[in-house]
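Structure first, commentary second.
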Amino acid sequence: MKIVVLLSRHRRLLALCGLSAAAHLLVLELVAQRATAPAPAPRSGEALRLRLMPARAPQAAPIETARPADTAAHPATAPAPARAPRPARAAAALPPPPVATPSSAPAQADAAADAGTPLLQMPSRYRVRMPDSVRLSYALTREAPGAQPAPAGAAAIDWRSDGARYTLTVDGAPGRLRSEGGSSDAGIAPRSAAEERDGASLVTDFDTDAGRILFRAGGAGVPDAVGAQDRASVLMQLAGIGLAEPEQISGQVGNEIRIVVAGADSAEIARYQVMGQEDVSTALGTLAAWRLAQVVPAGQERLELWLAPGQGWLPVRLRMVRPDGGSLTQTLTRIEPGAPR
């Protein structure tokens, strides 16, 4: 009896398992058919709808935009390499102030007088030592273009100084000149000067209190300048520059010594170029001297002078050269101690 019941149960289980397997096979068959079946064609008149999703662009590192100058310097097809930061530009040096030349100095002096400004500031530009009192005698020779030098009389420079004040007379190649005054930190300090021209004495006053150089002949004037000289005193000022410090002349070959010089009716910046050392034949023998030549515009007279270190840097020769090439030269014949002022 128990065996029959057990067999009946087993049959039912087997039947259920078969049915379950058949059901699974049917489901698998349907899935396979749907996967391989072609998509149904759209019905007539029905629009095909597509939904496009916006694609997200990948993020990239930022690109440095080239400057216009960089674009021109580098081809557009090749990326420019990273540029190093430019160093800071140094401040530009201020240009030196304009210096007047002999051709433009009178006009600039008039303009400066109108503006009330100094002609030129030269405080202590050169070290100067006042020469001791001395009298210099010279022999004059005149030379015309194409002719031999000919004797033309005598010349003299008479310098009297006590170290604080001075008087000076010059009679020779530069003309007949007179100067008197004192001294300052810039060397010789004229107070009054005069030169003879066509039988008249033309006086120039150096009014240091008012800060003016006054030309009596024309009634005009210009602002005073530190270290300014007249046509006579500049000869001894140049000697004092060499006497105080020889390197101020001997170490300046090819360079210029510039000094404001006032004449009878105008003032200008006189430029004396250091030409080098030369031997000068004199009545006292051959003397070593330094030659200075004034730089002037074409058509003007120029002064040349030879300063001898062995003779206290005094001028042992002076020469005035005319525009036509003629000259008047004075050469030393005697040196005498000058009388005190």
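No value in this document is a laboratory result; all are computed from the given coordinates. Quantities reported herein were computed from a predicted structural model and do not represent experimental measurements. All Cβ positions, glycine included, derive from the backbone under ideal geometry; neighbour counts span all protein chains shown.
Below is a table of values for the structure above.
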| item | result |
| --- | --- |
| In order through the stretch 227-238: 3J(HN,Hα) via Karplus (6.51 cos²θ - 1.76 cosθ + 1.60), integer Hz, x for Gly, Pro | x, 5, 10, 9, 5, 8, 5, 4, 5, 7, 5, 5 |
| Efficiency of FRET from Cβ geometry, Ala154 and Ala244, R₀ 22 Å, rounded to 0.05 | 0.15 |
| Charged-residue dipole, Cβ positions (Lys, Arg, Asp, Glu), the stretch 241-341 about Cα centre, Debye nearest 20 | 160 debye |
| Simple Cβ-charge dipole of the stretch 191-287, Lys/Arg +1 and Asp/Glu -1, about Cα centre, in debye nearest 20 | 120 debye |
| J(HN,Hα) series, the stretch 312-329, from Karplus relation 6.51 cos²θ - 1.76 cosθ + 1.60, nearest Hz, glycine and proline x | x, 6, 6, x, 8, 8, 10, 9, 9, 9, 7, x, 7, x, x, 8, 10, 10 |
| Estimated FRET transfer efficiency (Thr333, Asp185; beta-carbon r; R0 30 Å; 0.05) | 0.30 |
| ³J(HN,Hα), Karplus 6.51/-1.76/1.60, whole Hz, each residue of the stretch 160-176, x for Gly, Pro | 10, 8, 9, x, 10, 10, 8, 9, 8, 10, 10, 9, x, 4, x, x, 9 |
| Percent RCO, i.e. relative contact order, over the stretch 202-341, from Cα pairs under 8 Å lying at least 6 residues apart | 16 percent |
| Average Cα contact separation per residue, the stretch 125-189, under 8 Å, 6 or more apart, as relative contact order % | 30 percent |
| Relative contact order (percent, whole number), the stretch 143-241, Cα cutoff 8 Å, 6+ residue spacing | 18 percent |
| Sequence-distant residues sharing a close amide H with Gly221 (under 5 Å, placed H) | Phe215 |
| Distance in nm between pseudo-label sites at Glu301 and Ser192 (7 Å out along the Cβ direction from Cα) | 2.4 nm |
| Calculated on alpha-carbon atoms, Rg and Dmax of the stretch 119-275 in Å | 16.1, 50 |
| Distant-in-sequence amide H partners of Arg212 (H built 1.01 Å from N, under 5 Å) | Asp207, Asp224 |
